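Down below is the structure, laid out as structure tokens.
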Amino acid sequence: MVFIGMDHGTTGISFCIMSDEGDVVDVFKIGREESKQGLVSASEELKKRVNLEDVKLMAITYAMGDGISQILPTDKVKDRGILSINGAGKVTGGGTSVFDELEELNLPSIMIPGLHKDSESLDELFRAAYSHQASPEKVSISYNAVKETGWSNFIVADISSNSVDILIEDGKIKGAIDACLGAMGVVHGPLDLEMIRDIDENGASANGCFSNAGAVKIAGIDGKVADMKNQLLDNYRQGDENAKLAIDTLIMTVAMEIAGLDVVCENDIEGIVLTGSIGSSTEPFDFKKEIDKYFKGKYDLKVISFDSGAIGAAQIAMDVFNGEKEILGIKVNI
């Protein structure tokens, strides 16, 4: 008996295969471009690793997840659980092809919602302030963070292509700050005044600006999303001043965002969980050490796997299968 978790990430789709004892059997990733071009098959990769008849439940995350607010059976979800794919960053179609493959497998599965204005589980102030706060994999990342730390009041900082910070209070997600609102990621970032003017005066698209507003903007890097992070890190290793400025700026904005979420937590924060390909990095810079320069030892900083999205989704699948009715305040309706 096994459980599967799927993380619909920016650069690729990750899967975690978990035993019924909660042990991670395997984690693998499929690139978006490779999936779109038919160079790799999600279903075939799964079949190589597991007997599909042994899969008891799979938990899926997809895009913004703003069309649902509860954890639901996939066959009960309309339009893949999204209102629109527009404004969601660079679209390759790779994630859609993987979703289609998974549907054809006809495995028992559930879909995890994103965090948005219709999420009744969130604090009403966050819902009033922001139409969208986080995509579904941030829920699974947060669930893995709870499992890894045992904390009930903390902040999760997921730093990779985009940066999203999530506030958990009393074991429930209180709210989050999405990539287009606050901290920079490698690729995505907030729209500032210059970009707004560019949109109004020169016809640039808001989504196009959002997709180039992260650290890559400062480093002067453009190209495929899947290649940008490696290019930025390579430039950093080579001593490129713009790359260093980009990374340092990214870290500063994440520190600001974490501090802001701490302020609105009514309980004392037990610590900060760092994850994502940048948040968990130790080379060519140690993200934990660099961000702690701002916090000056105030927080207990814990680093979890950058595969936490897929792992957390598998953990959700296992616990829902075993009868859990609520995940981080989100209702399970199956």
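Worth a mention:
- From the list I218, I168, I141, the lone residue that is of a type in the set (V, I, T) and in the same structural domain as L83 (by TED's automatic domain parsing) is I141.
- N207 vs. criteria surrounded by 13 or more Cβ atoms within 10 Å (Cβ to Cβ), closer than 25 Å to I30 by Cα and of a type outside the set (G, A, S): yes
- Lone qualifier among G9, G5 - being modelled with pLDDT of 95 or more and among the small types (G, A, S): G5
- One residue stands out in the range 23-68 among those that are in a loop (DSSP other than H, G, I, E, B) and touching a Leu at 6+ places or on another chain (Cβ under 9 Å): the one that is surrounded by the fewest Cβ atoms within 10 Å (Cβ to Cβ), namely G67.
- Conditions (1) on the phi > 0 side of the Ramachandran plot; (2) more than 17 Å from the chain's Cα centre (by Cα); number of the one not met by G81: (2)
- Look at the range 274-286: where a residue is over 21 Å from V225 (Cβ atoms) and outside the structural domain of G12 (by TED's automatic domain parsing) and a partner is part of a loop (DSSP other than H, G, I, E, B) and among the hydroxyl-bearing types (S, T, Y), sitting 6+ places away or on another chain with Cβ atoms under 8 Å, you get L274/S280.
- Annotation note: of S97, S135, S161, the sole residue that is over 17 Å from the mean Cα position of the chain (by Cα) and either free of Cβ contacts under 8 Å to residues at least 12 places away in the same chain or within 29 Å of Q37 (Cβ to Cβ) (or both) is S97.
- Residue in the range 178-193 that is farther than 27 Å from G67 by Cα, of a type outside the set (F, W, Y) and outside any loop (DSSP other than H, G, I, E, B) present: yes
- For the range 293-322, the tally of residues that are surrounded by fewer than 18 Cβ atoms within 10 Å (Cβ to Cβ) and either without any contact (Cβ under 8 Å) to a residue 12 or more places away in the chain or among the charged types (D, E, K, R) (or both) stands at 6.
- Restricted to the range 219-259, and to residues there that are closer than 24 Å to A176 by Cβ, among the β-branched types (V, I, T) and free of Cβ contacts under 8 Å to residues at least 60 places away in the same chain, the residue that is surrounded by the fewest Cβ atoms within 10 Å (Cβ to Cβ) is I251.
The values are calculated or read from the model by the stated rules, or taken from the named source; none is laboratory data. Everything numeric here is computed off the predicted structure, so don't read it as measured data. Cβ: placed from backbone, ideal geometry, glycine included. Neighbour counts: every protein chain shown.
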